[in-house]
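Data block below; observations after.
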Amino acid sequence: MTDPAPLRTPPLEFELIDRFGPSLAHTRTGTEDTGPPDRLVKTHCCFCGQQCGMQLKVTANRVVGVEPWYEFPFNQGMLCPKGVKRYLQQSHPDRLLTAFTRDRAAGGGFRPLGYDEAIARVASEIDRIQRSHGPHAFALLSGASLTTEKTYLMGKFAHMCLRTSNIDYNGRLCMVSAAAGNKKAFGIDRAANPWSDILDAEVVVVAGANVAECAPITTNYIWQAREQGAKVIVIDPRITPLARTCDLFLPVKPGRDTALFNGILHLMIANGWVDEDFIATRTVGFGDVEAEVAPWTPARTAEVTGIAEGRIRQAAEWWGTARTSFLLHARGIEHHSNGVKNVLSAINIVLASGRIGRPSCGYATITGQANGQGGREHGQKCDQLPGGRDLGNDEHRAYIAGVWGMAPDDLPQPGVDAYEIMRKAHSGEIKGLLSLCFNPVVSLPDNNFVREALERLEFFVAIDFFMSETARYADVVLPGSLQEEDDGTVTQVEGRIVRINKAVECPGEARQDWRIIQDIAGALGRPQGMTFASPREIFEELRIASKGGVADYSGVTYENVVEHYGVFWPCPAETPPGVPLPGPQGTVRLFEPDAWNPIAQGAGPFYFPDGKARFNVTPYVGPVEDVDAEYPIILTTGRVVSQFLSGNQTRRIGPLVDNYPEPRVELHPRLAQRLGIEDADWTTVESRRGTCTLRAAVVATIRPDTVFVPYHWGGRKSVNQLTIAAQDPISKIPEYKVCAVRVRRAHGPPSYADALEPQQ
């Protein structure tokens, strides 16, 4: 066949932008502020994992605004800038209203294609590739902002319909280090406590989480605790907005979090600030951890982390002597090649304190994407089956095969993570790819390599509602659905399952994503198990599939989710005789002393056969790529308040772009002076993988040995041209938070040639 690579390379970026955007929507002219809407639809935000409740204003099948939903308990009507302006993406001029196929002669490199013809072509190419190269030669990449019903269907589509091992999701870039750490320590992957438990904590530790910009409503909980006397400790290489108001700031050198937590635990043990009874009766493994942290004196911890010894001692004392406490962390400690160790070292100080499983004593990871929790529970991860089951476990395989009506041996074995899928595409082992609401050209590290991988595919189909940077490489683009165009559920940061209610119909020939997947299955002649009539039907099967698993949804219904403003899983439909069912809101708080779970069977509250939590030894290992004479500065990456993830949605919403129009390089005044850089100068950041030239932002809120660039932009503005594809050996999360760079003042903006889509 003809080499597809020359056809897949995108046309010049300005041609694509002219046709497909991103263009900016500031208002809905003629529909805003013209009187009451036709109706208000209660639902949740489409962006982060807090899933704030809101009401969408709908007029004539258009979302024209947002109203507060004061009754929803998590945010009580409060919204961040993204939530307030999210409605501007619906009816956006860039919205994909039809399918497209690649055509070099067409404007922007694509021409419209009828929906049925597009589905037929996709099915034909999947069938051809799998017949020629085997079932695993076709891979799928899915999203963690999809409803749980869609994520369940994607796992079933991969494992039952296509029988490929190769499916993974973009939560691989977000929550997997936290998930792996929680499973190793607790046996379950969910926030241990509701956010209401933050309010009465005496000490709140926030590690690697810029909550004021990335999870603003969480900031309100922390501030309420502070108003009641809590001490707030922030661990971050940058003085984030929350850090400006905290009681103790620990400016950790990127990649050294394990060393810091080991040093804190050392001081807790030395001073008797541990709960010996809890350790003895509720945990195992403390002795090995005690030996591991023994050498982590305050002096050594200070030397490795770059934090003053006095601050480390103060943090240990406040945490160690508190009666109640809450520890929160996010990507800042997780986006590392030692991310799971970082998480486990944080959990170790929680377990040593004994403050978990009771009111105002908690621990939680801050979920990134809209369904970052539910999206990692029911089968779209490379090694997973519904209910949090394991694809490599014979007993789990047999149960799910029974639900799906297939032989267990016909289920594929576990596959590989999202980045390894790209490596296999690059090497030619994977020939075809379907991507659903995943933008790896922007979001994966070392993204010039990712572009090469996509160019080498024989066939690539993207399902999305906008022409993302990744969709530009597709042979066929199918028009998918926005959150407000479908029904379903998501599970938010606390483990609370909430309802997404459809507000409007899909425009043009766009389809709900689950319908598109089922249409492909039908066109393949493989419709078994892929003929659901509604998201409710999918959810009803999911309830059965999750029954008895750790992530048990079997007792959850759409009705009780609505009635109780959400239901916390696990929520089984039945328990053994004498064991009470959870209340109508499910299991609000995990690990309470008398809690029952299907793994411990009454032996204890944690999800291991003996019911005890696990301490884990966490030897400090530095970043894969540390600074040296050639690349002497640390680069770290993250988010800003007005943008989200790869920016495929938020870079089209005018008021959000106005707030932060372009990525900038944050650097400390001392570093800027040494390099001869002034605020707003064009500045080039270069790693061993690529270069990026952006305006400088000279700020005193970052370590002098570190620069920061947000990651929401593509093309030559993408910081992920520079980041390293090193991964945690357990979670396979990439090391976004540390790589070595050199920085210099540039003579001016990028050249015209550099403004085009990067090529190798």
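Laid out as a table, the results:
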quantity: Within the stretch 454-507, strands (runs of 3 or more DSSP E) holding 3 or more residues that are more than 30 Å from Asn560 (Cβ to Cβ) and open to solvent by less than 10 Å² (accessible area, probe 1.4 Å); calculated: 459-464, 476-479
quantity: Evaluation of Pro194 against (1) open to solvent by less than 10 Å² (accessible area, probe 1.4 Å); (2) out of contact with any helix residue (DSSP H, G or I) (no Cβ under 9 Å at 6 or more places or on another chain); (3) more than 25 Å from Arg589 (Cα to Cα) (one fails), failing number; calculated: (3)
quantity: Residue within the stretch 690-699 that is within 24 Å of Ser337 (Cα to Cα) and of a type outside the set (Gly, Ala, Ser) present; calculated: yes
quantity: Subset of the stretch 379-438 (residues that are closer than 28 Å to Ala510 by Cβ and among the hydroxyl-bearing types (Ser, Thr, Tyr)); calculated: Ser435
quantity: Helices (runs of 4 or more DSSP H) enclosed by the stretch 270-374 - at least 2 residues per element that are open to solvent by less than 10 Å² (accessible area, probe 1.4 Å); calculated: 286-293, 298-305, 309-321, 331-334, 339-353
quantity: Residues of the stretch 551-571 classified as within 25 Å of Gly187 (Cα to Cα) and either more than 26 Å from the chain's Cα centre (by Cα) or modelled with pLDDT under 95 (or both), total; calculated: 1
quantity: Residue count, the stretch 540-553 (criterion: of a type in the set (A, V, I, L, M, F, W, C), in a helix (DSSP H, G or I) and surrounded by fewer than 24 Cβ atoms within 10 Å (Cβ to Cβ)); calculated: 1
quantity: Listing of strands (runs of 3 or more DSSP E) fully contained in the stretch 663-712 that carry 2 or more residues being open to solvent by 10 Å² or more (accessible area, probe 1.4 Å); calculated: 664-667, 682-686, 691-698
quantity: From the options Ala425, Ala401, residue that is assigned to a helix (DSSP H, G or I), among the hydrophobic types (A, V, I, L, M, F, W, C) and over 30 Å from Leu645 (Cβ atoms); calculated: Ala401
quantity: Qualifying residues in the stretch 151-178 (those that are more than 22 Å from Glu494 (Cβ to Cβ) and hydroxyl-bearing (Ser, Thr, Tyr)) - the one surrounded by the most Cβ atoms within 10 Å (Cβ to Cβ); calculated: Thr164
quantity: Test: residue in the stretch 748-759 that is touching a Ser or Thr at 6+ places or on another chain (Cβ under 9 Å) and among the hydrophobic types (A, V, I, L, M, F, W, C); calculated: no
quantity: Among residues of the stretch 206-241, those that are open to solvent by less than 10 Å² (accessible area, probe 1.4 Å), over 21 Å from the mean Cα position of the chain (by Cα) and under 19 Å from Arg331 (Cβ atoms), counted; calculated: 3
quantity: Residue in the stretch 622-631 that is surrounded by fewer than 14 Cβ atoms within 10 Å (Cβ to Cβ) and either farther than 28 Å from Arg238 by Cα or in contact with a Leu (Cβ under 6 Å, 6 or more places away or on another chain) (or both) present; calculated: no
quantity: Which listed residue is out of contact with any Leu (no Cβ under 7 Å at 6 or more places or on another chain) and either assigned to a helix (DSSP H, G or I) or open to solvent by 40 Å² or more (accessible area, probe 1.4 Å) (or both), from Gly529, Gly525; calculated: Gly525
quantity: Residue within the stretch 422-443 that is crowded, with 23+ Cβ neighbours inside 10 Å and of a type in the set (Phe, Trp, Tyr) present; calculated: yes
quantity: The stretch 85-108 residues that are part of a loop (DSSP other than H, G, I, E, B), paired with ones that are modelled with pLDDT of 95 or more and among the small types (Gly, Ala, Ser) (beta carbon under 7 Å, 6 or more apart); calculated: Leu96/Ala510; Leu97/Gly508; Leu97/Ala510; Thr98/Gly508
quantity: Candidate set from the stretch 18-30 (those that are more than 18 Å from Val63 (Cβ to Cβ) and open to solvent by 70 Å² or more (accessible area, probe 1.4 Å)); member that is modelled with the lowest pLDDT; calculated: Asp18
quantity: Options Pro570, Pro593; residue that is under 28 Å from Phe286 (Cβ atoms) and surrounded by fewer than 16 Cβ atoms within 10 Å (Cβ to Cβ); calculated: Pro593
quantity: Any helices (runs of 4 or more DSSP H) falling wholly within the stretch 154-265 and containing at least 1 residues that are at pLDDT 95 or above and touching a Phe, Trp or Tyr at 6+ places or on another chain (Cβ under 7 Å); calculated: 176-186, 216-227
quantity: Qualifying residue in the stretch 398-409 (condition: charged (D, E, K, R), farther than 20 Å from Ala613 by Cβ and buried (at least 21 other Cβ atoms within 10 Å of the Cβ)); calculated: no
quantity: Residues being at pLDDT 95 or above and either more than 28 Å from the chain's Cα centre (by Cα) or open to solvent by 10 Å² or more (accessible area, probe 1.4 Å) (or both) - total across the stretch 719-760; calculated: 14
quantity: Test: residue in the stretch 665-681 that is of a type in the set (A, V, I, L, M) and in contact with a helix residue (DSSP H, G or I) (Cβ under 7 Å, 6 or more places away or on another chain); calculated: no
quantity: Any pair with Cβ under 6 angstrom, 6 or more apart, that starts in the stretch 215-244 at a residue that is among the polar types (S, T, N, Q) and ends at one that is assigned to a helix (DSSP H, G or I) and open to solvent by less than 10 Å² (accessible area, probe 1.4 Å); calculated: Thr218/Val211; Thr219/Val211
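The values are calculated or read from the model by the stated rules, or taken from the named source; none is laboratory data. Since the model is a prediction, treat every value here as computed from it, not as a measurement. FYI the Cβ positions are ideal-geometry reconstructions off the backbone, even for glycines, and counts take in every protein chain you see. With ligands, DNA and RNA removed, areas are computed over all heavy atoms of the protein, side chains included. Shrake-Rupley method; radii C 1.70, N 1.55, O 1.52, S 1.80 Å.
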